[in-house]
1. Which is more than 24 Å from W101 (Cβ to Cβ), more than 34 Å from the chain's Cα centre (by Cα) and among the aromatic types (F, W, Y), of F45, F24?
2. When the stretch 130-152 is examined, which residues are found to be surrounded by fewer than 17 Cβ atoms within 10 Å (Cβ to Cβ) and touching a helix residue (DSSP H, G or I) at 6+ places or on another chain (Cβ under 8 Å)?
3. Which residues, counting only those in the stretch 84-134, are without any contact (Cβ under 8 Å) to a residue 12 or more places away in the chain, polar (S, T, N, Q) and assigned to a helix (DSSP H, G or I)?
4. Does the stretch 319-334 hold any residues that are surrounded by 16 or more Cβ atoms within 10 Å (Cβ to Cβ) and part of a loop (DSSP other than H, G, I, E, B), and which are they?
5. For the stretch 172-188, indicate whether the set of residues that are closer than 30 Å to V245 by Cα, out of contact with any helix residue (DSSP H, G or I) (no Cβ under 9 Å at 6 or more places or on another chain) and either of a type outside the set (V, I, T) or not in a strand (DSSP E or B) (or both) is non-empty.
6. Filter the stretch 162-204 down to residues that are at pLDDT 65 or above, hydroxyl-bearing (S, T, Y) and out of contact with any Phe, Trp or Tyr (no Cβ under 7 Å at 6 or more places or on another chain), then give me how many there are.
7. If Q58 satisfies all but one of (1) under 18 Å from F96 (Cα atoms); (2) open to solvent by 70 Å² or more (accessible area, probe 1.4 Å), what's the number of the condition it fails?
8. Specify the residue that is most open to solvent (accessible area, probe 1.4 Å); the eligible residues are those in the stretch 353-398 that are part of a loop (DSSP other than H, G, I, E, B) and at pLDDT 90 or above.
Amino acid sequence: MMETRYYEGCGREGPIRCIFLGEFHPIAGPKIACQFPEDYISKEFFDSISAYIIPKPQIQRCTMTINALGHKIVGYPIRIDSSRYERNVYLFNLCFVCDSWSKTVQYEPVVKKLGEHLTLMEEETGFVSSGSSKLPTLLAHLLHDLNTYRKATLVEGDTVMHLKVLEVRKDPAPVHDYDVPVLVSSVGLPRPGRPRRTVPPEGGEPQSREHLDVEDDEPFEVHMDADWDLTTRQLLPYINGYNHVLKIAADTNVEKTLVKSCIQNLAYYGVVTLIPLLKFSNMYRATPSLSRLFSDPELQKSCMAFISKGPESKEKTLSLSEVMEVLCALQQGTSLRAVCDRYSANNNGGFDVRKLVVFAQLHGLIKCLKRYPVYLRNSTRPNGFSNRVDGALGIRHLFNGRHCTDEICCLARIDLPTLDQIIEEDPNVAVIWR
């Protein structure tokens, strides 16, 4: 039977296997003062890595990770200078032990915060060096709560400290001039990093809400009056699902690079997501995920609420069949304009088609097909329009199959009809849809 083997760098998170407190004893030297579970780290193993657990002064108060002998250890060594200690100094390090293949970067802020907190307690009451009887209970509480709930609360006297293991996300994709940011909260998506709410089976018990924070509730809300930085506060009113990055920069009079950095930061934290620029000349195609709209009542409810044109349209009952008819009609060879014209009589103004397209893209129900112009060969004869416009714009080199029409329009600062005319009148240009 073949076992599934993980490896260093596989990107998987593993549980905390052990938490121990290492210290430098004035007589015995480096040793484990306390650990939970007991005897998880042997004396022989600790002695082999003690020089890294209690390191030289140059790397004190630095987060460090040691991967050796089947264990990965995350620590934050502390040095306290005081005449009350036998050697005028006290060295300790509270460490988390994980599997050697486990990703541990998410634990680094927790270990650092714990180290700083224990430093304050040690300076005030000697909590660590005195070998407090509360230490084993503290470590057991930390291990259980961080593994189970990814957060913990420590109470010692009048001091309360909250710890939380943060989600480590992948770096967001680069933000382009032609990308359109959409607020996640506006389309009823779940809070980033949280699973979708599941409806319990008939007769089953509802999902337990124990240990959930207030901010864990769905949907994820974005408050305009929150403590955003100045740039974000200026941009948020213009993020409506239709304005692209270049237009937002122009409308807000903010430098384009700042707008991109701000939107990329919002995308990293799941506040916004990016979609292609919506144009009625666009072509879309349905994806296999479209079937979710049939089977997911919550998704249907979210969709109907989002595409409604306002309070006055509530009197009209929105039909799921009409919505599905429009989405299923989106296919290669049929523009959005043609679909809107075809179903405008049936729609009767009951819902906003633009909002439907935005919602469907964000939930992966449809995909936008982009156009990539390609020069098949060098032009052997000039055409009147190319000589008059294309030569001045210098966009011929962009027709290489790597730039979509939206990107070319932003780079060349021309509108789409002008670019379409250039492509249409040049027989050497072909268009790839993908």
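The values are calculated or read from the model by the stated rules, or taken from the named source; none is laboratory data. Note that the coordinates shown come from a computational prediction; the quantities given were computed from them, not determined experimentally. Quick reminder, even Gly has a Cβ in these numbers, built from the backbone with ideal geometry, and neighbours come from all protein chains shown. When the accessible area is computed, the model is the full protein with side chains, heavy atoms only, and any ligands, DNA or RNA have been set aside. Shrake-Rupley method; radii C 1.70, N 1.55, O 1.52, S 1.80 Å.
1. F24
2. K151
3. T125
4. The one that is surrounded by 16 or more Cβ atoms within 10 Å (Cβ to Cβ) and part of a loop (DSSP other than H, G, I, E, B): L330.
5. Yes, the stretch 172-188 contains at least one residue that is closer than 30 Å to V245 by Cα, out of contact with any helix residue (DSSP H, G or I) (no Cβ under 9 Å at 6 or more places or on another chain) and either of a type outside the set (V, I, T) or not in a strand (DSSP E or B) (or both).
6. 2
7. For Q58, the exception is condition (1).
8. Per the criteria, the residue is K370.
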